[in-house]
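Below is one structure, written out as structure tokens; the observations come after it.
Laboratory data are not the source of any read-out in this text; all were calculated from the coordinates shown. Source: prediction; values computed, not measured. Using ideal geometry, Cβ is built from the backbone for each residue, glycine included, and neighbour counts are taken over all protein chains shown.
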Amino acid sequence: MMEDLSSYPLELVGPDIPMVRFMKVRKSYGDLIVLDNLNLDVAPSEMVSIIGPSGSGKTTVLRMLMTLETINGGVIYVDGKPLTHMPKNGVLVRADAKYLRKARSSIGMCFQHFNLFPHMTALQNCMEGPVLVLGLSRREARERAEELLLMVGMIDKKDQHPSRLSGGQQQRVAIARALAMRPKVMLFDEVTSALDPEVIGEVTNVIKDLVFKHRLTMLMVTHQMGFARDISDRVCFFYGGKIEEQDSPAELFSNPKSKRTQQFLSAVKAAD
Amino acid sequence: MTYTSFLADYGSRFVDGALVTAIQFLCSLGLAVLVANLFGLMMLSSNPVVRRAAVGYVEFFRGTSLLVQLFWLFYVLPLFGITLDNFLTGFLAVGLNLGAYGAELVRGAIQSVPRGQWEASYALSMSPAQQMRKIIIPQAFVIMLPAWGNLVVELLKSTALVALIAVPDLMFEARQLNSSTYLSTWTFGTALIIYYVFSRFLITPCMRWTERIMARRIGRA
């Protein structure tokens, strides 16, 4: 059944509009409901970590925001404008490919398995998007890419192909590649899960830098509770496709209110 | 008659035939690559009509004999008022047939590019055409190269069939010489050697070289 979208605003207005708003968002695969009636706001420059057990829908949240997954209900807004829908004749309708392409350019994403382009060097990986999509000249794109590779500590490896880089190095290049598009929102999907323990620090340090120096709006799905506690403004615990509990990291980790959060955190603690 | 004097007498016929075979091979290869890419991409189209047309083409050309296709183009098309030159008919049949096999290689290779590559390029807001051109096809090319090596050798051998519609290629010359000299061992033996030299010392090194270049380009070598 088609959802009535007339109750959703064409754009968000007011002094405190969030950078990201999930409004009654629903996602299902057939009969399986992955996310049910999700409402979540992320303020500008806020760092929100999403934690939860497998299958709780946390990665789906990021994938929906990147528009890699279509949503079955509700609307997602970014910077006040609808992302998944577009205004047409005074109402919201499902966004077409052209609108989506433009809308998602304000979002950057880093993946668990890096997904660098293997046929390009680190530098080319960071230049391709800005040249093709943003229309930068190759010189401008190169300057921007080199600046970012310097920031993530990868400038000396800029001419290497991904196959010559360690997992941690690849992930740092992937972060630089996403930042090269100058996104308003950055998404990190379990970016340290595929890394050897000894290189996790080099990636988390880069993300810490982004949080504390650059104040980007970020959403991060992670299994690293210590990291989430250190850098987040807010932590959301997902369970069964819903936000079971959300709070400041200090409060959520030391004084979880929900029984499920308590169980999850103690299970994670026991595993460590 | 010694083999040396046989070569002295008829060597030029083999050279002429080998040249025609080489040109047939190059024309067929060009057509096969074109057809393979076109139909390989069409098989991945989201439009069901386009997809089915491509699948129909591939199934038909793979499912019927190349020799029958060759004869059909040569003997049946004129009945519909379309008469093609022998040479053209030869490379059309070989190119269209081998292109159908190539289309499957293109489709398979594109589908073998990890999903993460599509997602990463999508996340950079690339258009579908940019994703294909800059990210997917360069990687698919590397994936399909070894299989294309086999197909190209197969294509060379298939060109021998065009002798049956009187294209004066290597096989045609060998058959002519055989019927006039009855020196079957030497005529067909020489033809075998020339085909082998083409495939072992020209095609295979070319394909290996391309594979090495491409491996270097993606930083694997």
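Of the residues making up segment B:81-99, those that are among the small types (G, A, S) and part of a helix (DSSP H, G or I) are B:G90, B:A93, B:G95, B:G99.
A residue that is more than 22 Å from the chain's Cα centre (by Cα) and surrounded by fewer than 22 Cβ atoms within 10 Å (Cβ to Cβ) can be found somewhere in segment A:68-88. Comparison of B:V167, B:V152 shows that the only residue that is more than 10 Å from every other protein chain (Cβ to nearest Cβ) and either acidic (D, E) or not in a helix (DSSP H, G or I) (or both) is B:V167. Consider segment A:126-157 and keep the residues that are of a type in the set (K, R) and more than 13 Å from every other protein chain (Cβ to nearest Cβ). The one that is nearest to the chain's Cα centre (by Cα) is A:R144.
As a summary of the residue check, B:G81 satisfies the conditions (1) at positive phi; (2) of a type in the set (G, A, S); (3) in contact with a helix residue (DSSP H, G or I) (Cβ under 9 Å, 6 or more places away or on another chain) except for the one numbered (3). Within the set B:G102, B:G108, the sole residue that is part of a helix (DSSP H, G or I) and surrounded by fewer than 22 Cβ atoms within 10 Å (Cβ to Cβ) turns out to be B:G108. Do we find that A:S105 is out of contact with any strand residue (DSSP E or B) (no Cβ under 8 Å at 6 or more places or on another chain), of a type in the set (S, T, N, Q), within 10 Å of another protein chain (Cβ to nearest Cβ) and touching a residue at least 60 places away in the same chain (Cβ under 8 Å) in this structure? Answer is yes for this residue. Only residues that are more than 7 Å from every other protein chain (Cβ to nearest Cβ), crowded, with 18+ Cβ neighbours inside 10 Å and in a helix (DSSP H, G or I) were counted across segment B:111-131, and they come to 3.
The residue pairs whose first member lies in segment B:43-65 and is β-branched (V, I, T), whose second member is in a helix (DSSP H, G or I), and whose beta carbons are closer than 8 Å, counting only pairs six or more residues apart or on different chains, are B:V50/B:M42; B:V58/B:F39; B:V58/B:A100; B:V58/B:A103; B:V58/B:E104. When A:K158, A:K184 are checked against the criterion of being in contact (Cβ under 8 Å) with a residue 40 or more places away in the chain and among the basic types (K, R), A:K184 stands alone in meeting it. Among the residues of segment B:176-193, write down those that are surrounded by fewer than 17 Cβ atoms within 10 Å (Cβ to Cβ) and part of a helix (DSSP H, G or I). Matches in segment B:176-193: B:Q176, B:N178, B:S179, B:S180, B:T181, B:S184, B:T185, B:F188, B:G189, B:L192, B:I193. Every condition in (1) under 27 Å from B:M214 (Cβ atoms); (2) more than 10 Å from every other protein chain (Cβ to nearest Cβ); (3) not β-branched (V, I, T) holds for A:H119 except the one numbered (2).
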